[in-house]
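To start, the structure under review is shown below, and the notes come after it.
The values are calculated or read from the model by the stated rules, or taken from the named source; none is laboratory data. The structure displayed is predicted, hence computed values, not measured ones. All Cβ positions, even for glycine, are placed from backbone atoms using ideal geometry, and neighbour counts span all protein chains on display. Accessible surface is based on the protein model in full, side chains and every heavy atom, while ligands, DNA and RNA are left aside. Shrake-Rupley method; radii C 1.70, N 1.55, O 1.52, S 1.80 Å.
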Amino acid sequence: MRSLTKNIFCLNLVILTVACLVIGNSHAADYANFHTDDELNNIEIFKTASPSVVYVTTLTRYRQRFSLNQREIQNGTGTGFIWDNSGLIVTNFHVIEGRNSRISITLNDQSSYDAEIIGVAPDKDLALLRIDAPIRKLQPLPLGDSTLLEVGRKVIAIGNPFGLDTTLTVGVVSALGREIESLTNRKIRDVIQTDASINPGNSGGPLLNSLGELVGVNTQIVSPSGASAGIGFAIPVNTVKKVIPQLLEYGREVRPEPGFSMVPDNYSRSWGIEGVAVLEVQADSAASNAGLQGLTQDRYGRVKLGDVIIQADDERIQTNDDLLSLIENHKAGDVIRITTLRERELFEYTINLAEPATY
């Protein structure tokens, strides 16, 4: 009897073990074949877009002390992406800024190419590079429309944080219409805020929508520690679309010429000026013909204030950035209306914007 009970117990144990193995294998098989719709979307975007994302490295050559030998050391890394199949690469200006060095681009297949700087737009923190790579290796990203974004829509960032190449992070659009400062202290407007993790090394990488389309260029984070704190910013793709053709043609960002220069904001504030003080008016320009006046000096060398711009096209003007941003939304030949204050008297000017200088 005791032997029979023991045999039954052993049989049950075997059955239980087999059942566990079957269930375990079933779960493993189920997980391997099961994906949520969101997971499938993430996987598809990563597979499609990652070949377009590049690793940007800046290398400086130096001579060893007490030797004629020269070496190259890495002094900066970041991310970029392929803009078109001619070899154009987009990244942040701050990734390559101030680097008297060689720029190397590493593609997704680990092949590397020296990059030529085609143009830079420090005010927008954008740079355009070019590599000479086979066209079969150049897969540009499809371009989206950043005006279609909404708070809460999913976005995906791909980049090289801390040197870890081709890393994907997922988040949502946290806010739209943000403003951040560039290295030149100009405001970059209509910036996208996202909680997709962006860390050092992600700069210059793409921000993608659920269709895998480019909607922004990751550029900055807000973080006391220097690492991701869930507040990242991306330059909208519509701004990029506007700047890249200028960098191709001029090598820099251009805007129509108003025919006058402006007193820097810090001087205006120290002088107690509210608005944008005109520094100098170009001879034979539309501004000069309209009667706009800049700073002058009397016979004793004392500086006399001319026109101070307080409004343009019905928009209040408080800083140089306000006026420059307004001008950037126009093209050569457009007319802007300016209201100024000079010696406590209001003046109205109509100024035709001229072609940008081609120096």
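Laid out as a table, the results:
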{"item": "Segment 307-359 - residue that is in a strand (DSSP E or B) and more than 17 Å from Ala287 (Cα to Cα) and, of those, farthest from the chain's Cα centre (by Cα)", "result": "Glu345"}
{"item": "Qualifying residue in segment 263-272 (condition: open to solvent by 40 Å² or more (accessible area, probe 1.4 Å) and either among the aliphatic types (A, V, I, L, M) or under 19 Å from the mean Cα position of the chain (by Cα) (or both))", "result": "no"}
{"item": "Test result for Ala354, in contact (Cβ under 8 Å) with a residue 12 or more places away in the chain, hydrophobic (A, V, I, L, M, F, W, C) and open to solvent by 30 Å² or more (accessible area, probe 1.4 Å)", "result": "yes"}
{"item": "Output for segment 273-303, where each listed residue is loosely packed, with under 15 Cβ neighbours inside 10 Å, of a type outside the set (A, V, I, L, M, F, W, C) and over 34 Å from the mean Cα position of the chain (by Cα)", "result": "Asp284, Asn289, Gly291, Thr296, Gln297, Asp298, Arg299, Tyr300, Gly301, Arg302"}
{"item": "Val263 in contact (Cβ under 8 Å) with a residue 24 or more places away in the chain, farther than 18 Å from Ala127 by Cβ, touching a Leu at 6+ places or on another chain (Cβ under 6 Å) and not polar (S, T, N, Q)", "result": "yes"}
{"item": "Scan of segment 276-303 for residues that are among the charged types (D, E, K, R) and at pLDDT 90 or above, ordered by number", "result": "Glu280"}
{"item": "One residue from Glu179, Glu253 being open to solvent by 60 Å² or more (accessible area, probe 1.4 Å) and closer than 20 Å to Ile327 by Cα", "result": "Glu179"}
{"item": "In segment 94-122, the residues that are open to solvent by 30 Å² or more (accessible area, probe 1.4 Å) and within 21 Å of Ile198 (Cα to Cα)", "result": "His94, Glu97, Asn108, Pro122"}
{"item": "Every pair of residues 6+ apart whose Cβ atoms lie under 7 Å, when the first sits in segment 240-253 and is among the polar types (S, T, N, Q) while the second is open to solvent by less than 70 Å² (accessible area, probe 1.4 Å) and in a loop (DSSP other than H, G, I, E, B)", "result": "Gln246/Glu253; Gln246/Val254"}
